[in-house]
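Peer 1: Take a look at this one; I'll ask things after.
The values are calculated or read from the model by the stated rules, or taken from the named source; none is laboratory data. Worth saying up front: this structure is predicted, and the values here are computed from it rather than measured. Here the Cβ positions follow ideal geometry from the backbone for every residue, glycine too, while neighbour counts run over all protein chains shown. Ligands, DNA and RNA are excluded from the accessible area calculation, which covers all protein heavy atoms including side chains. Shrake-Rupley method; radii C 1.70, N 1.55, O 1.52, S 1.80 Å.
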Amino acid sequence: MITPEEYELLVSDAVVRAIAANRGRDPLEVALDARVPHARAVATQIKYLTRAESKLPSYAAAQCILPPLAFEQASSERCAAHKRLGGDAVLDLTCGLGVDALALSRRFRCVVTLERNEVLAQVARENFRRLGVANVEVVGAAAEEYLQRTEERFDWVYADPDRRSAEGRKLVRLEECSPSIPALLPAIRRVAGRLCLKNSPLFDVDEALRLFPDCRAEVVSLDGECKEVMVYDDGSGPAVTATALGESDRSFTAAPGTETPFPGAFDPARYGWLAVPDVALQKARLARLHLAGKADMWSDNGFAFSADRPEEIIGRIFAIERIDPYDPRQLRRELKGCGATILKRDFPLPADEIMRRLGLRAGDRVRLAFTKIDGRFWTIRLK
């Protein structure tokens, strides 16, 4: 974590000017440049400002201070902006770099955000100043301490607990994270009637509904990668939503436990199209329900198949050339040395092991998908 001395260095005029003058250069080149004052610190900031251009574009544009660990743990601005809450006042229990607080500042008149590390709190205050944000108050306090003493009322409480142990181990159970939201629930209920909770992409949707029976649980992906599991404990549920953010944002919502019948026996000759449901649908266990009536699917973790091109699918669609039983010896004889793109769902081997066993290399000469249906393994050749 950033030290007080490092913070003072990063806000000094000499370093601020050096960062501005050297942006666009290779960070390693900057670090070795004797003409650059405090070259290593300047190079580190240039490295993370470059990465921030896609993840945190507002922070990059304002030349904010980006401590490496806080940057890695921060939400992307794209995901932060998606959060569906608004009102007059919100309490953010977990400021960190302040990305979620920045998004909340555009939806609330007033944001109070807590940061127990005083140096990181200073970083957040300075960054909000550079960003021109005037309606965020950064309070240097732990959530437990602030909730115990405050008499304020808020429309919402927002929290993104720290999911790393002191030893750096990843934590998933809410009770183990810091702050422990289950332990703080009585105090949270005292200051606000609604809670928005961000969880790890590993967090189980069923666990969210167990802990918050009337919540709406939302799995959010960005460009095909699962990013977070949100809990909106505001009485809008019980419901489960899968949201895919990308070039166009798409969502699908259902009541928990809603079932759809499984298709009959798999007949590969029937199908001309393959659908790959977005990972958000897969994580939310909504893939089969979303595709009901559009494509046949035997597992929420698998592919979907359709005779005609399915429309309004949250995911990717490919035309099928043919479907064969998986025969690795035949595939190796036919395709060894070919450049190939591999897709897999419900298949026991990782993609790199499939490539190795079939003698394939990365490329686009052939596109192959591998799956298991009705107890059999299949190879799908894509056009």
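Peer 1: Going through segment 105-130 one residue at a time, which ones are open to solvent by less than 40 Å² (accessible area, probe 1.4 Å) and assigned to a helix (DSSP H, G or I)?
Peer 2: Ser105, Val119, Leu120, Ala121, Val123, Ala124, Glu126, Asn127, Phe128
Peer 1: Would you confirm, using the coordinates I've provided, whether Ile320 is out of contact with any Pro (no Cβ under 6 Å at 6 or more places or on another chain), open to solvent by less than 50 Å² (accessible area, probe 1.4 Å), of a type outside the set (Gly, Ala, Ser) and touching a residue at least 60 places away in the same chain (Cβ under 8 Å)?
Peer 2: Working: out of contact with any Pro (no Cβ under 6 Å at 6 or more places or on another chain): yes; open to solvent by less than 50 Å² (accessible area, probe 1.4 Å): yes; of a type outside the set (Gly, Ala, Ser): yes; touching a residue at least 60 places away in the same chain (Cβ under 8 Å): yes.
Yes: the conditions hold for Ile320.
Peer 1: Further, regarding this structure: So, of the residues in segment 334-371 that are touching a residue at least 40 places away in the same chain (Cβ under 8 Å) and not in a strand (DSSP E or B), which turns out to be nearest to the chain's Cα centre (by Cα)?
Peer 2: Quick first cut of segment 334-371, residues touching a residue at least 40 places away in the same chain (Cβ under 8 Å) only: 343, 345-346, 367, 369-371.
Pick out the ones that are also not in a strand (DSSP E or B) and you get 345-346.
Numbers: Arg345: 21, Asp346: 23 Å.
It comes out as Arg345.
Peer 1: Kindly provide the set of residues from segment 323-336 that are basic (Lys, Arg) and either surrounded by 12 or more Cβ atoms within 10 Å (Cβ to Cβ) or in contact with a Cys (Cβ under 6 Å, 6 or more places away or on another chain) (or both), ordered by number.
Peer 2: First pass over segment 323-336, keeping only residues basic (Lys, Arg): 329, 332-333, 336.
The answer is Arg332, and nothing else.
Peer 1: From the set of residues in segment 205-249 that are out of contact with any Leu (no Cβ under 7 Å at 6 or more places or on another chain) and polar (S, T, N, Q), which is most open to solvent (accessible area, probe 1.4 Å)?
Peer 2: By that ranking, first place goes to Ser248.
Peer 1: Just to be sure I understand, how many residues within segment 138-177 are at pLDDT below 85 and of a type in the set (Val, Ile, Thr)?
Peer 2: 1
Peer 1: If you check Ala18 against the conditions, is it open to solvent by less than 80 Å² (accessible area, probe 1.4 Å), under 29 Å from the mean Cα position of the chain (by Cα) and modelled with pLDDT of 95 or more? Even if it seems obvious, please write down each step before you answer.
Peer 2: Values: open to solvent by less than 80 Å² (accessible area, probe 1.4 Å): yes; under 29 Å from the mean Cα position of the chain (by Cα): no; modelled with pLDDT of 95 or more: yes.
Spelling it out, it is not the case that Ala18 is open to solvent by less than 80 Å² (accessible area, probe 1.4 Å), under 29 Å from the mean Cα position of the chain (by Cα) and modelled with pLDDT of 95 or more.
Peer 1: Moving on. Quick check on my filter: what residues within segment 84-104 are of a type in the set (D, E, K, R), touching a Lys or Arg at 6+ places or on another chain (Cβ under 9 Å) and crowded, with 22+ Cβ neighbours inside 10 Å?
Peer 2: Matches in segment 84-104: Asp100 only.
Peer 1: Condition first: open to solvent by 60 Å² or more (accessible area, probe 1.4 Å) and not in a loop (DSSP other than H, G, I, E, B). Now tell me which residues in segment 372-383 satisfy that.
Peer 2: Within segment 372-383, Lys372, Arg376, Phe377 qualify.
Peer 1: Just give me the residues in segment 281-333 being in a loop (DSSP other than H, G, I, E, B), over 18 Å from Leu349 (Cβ atoms) and under 22 Å from the mean Cα position of the chain (by Cα), in sequence order. Outline the logic, then answer.
Peer 2: The first filter runs over segment 281-333 and keeps only residues in a loop (DSSP other than H, G, I, E, B), leaving 284-286, 292-295, 298-303, 307-314, 326-327.
Adding the requirement that they be over 18 Å from Leu349 (Cβ atoms) leaves 284-286, 292-295, 298, 300, 307-314.
Residues satisfying the conditions are Ala284, Arg285, Leu286, Asp300, Ile313, Ile314.
Peer 1: Then there is this: What single numbered condition from (1) more than 19 Å from Leu184 (Cβ to Cβ); (2) open to solvent by 20 Å² or more (accessible area, probe 1.4 Å); (3) in contact (Cβ under 8 Å) with a residue 24 or more places away in the chain fails to hold for Gly140?
Peer 2: That leaves (1) as the condition not met.
Peer 1: Checking the conditions here, which among Ala275, Ala255, Ala292, Ala242 is among the small types (Gly, Ala, Ser) and in contact with a helix residue (DSSP H, G or I) (Cβ under 6 Å, 6 or more places away or on another chain)?
Peer 2: Answer to the selection: Ala242.
Peer 1: Out of segment 21-75, which residues are open to solvent by 80 Å² or more (accessible area, probe 1.4 Å), closer than 16 Å to Leu131 by Cα and more than 22 Å from the chain's Cα centre (by Cα)?
Peer 2: Once the filter is applied, which keeps residues that are open to solvent by 80 Å² or more (accessible area, probe 1.4 Å), closer than 16 Å to Leu131 by Cα and more than 22 Å from the chain's Cα centre (by Cα), segment 21-75 yields only Ala61.
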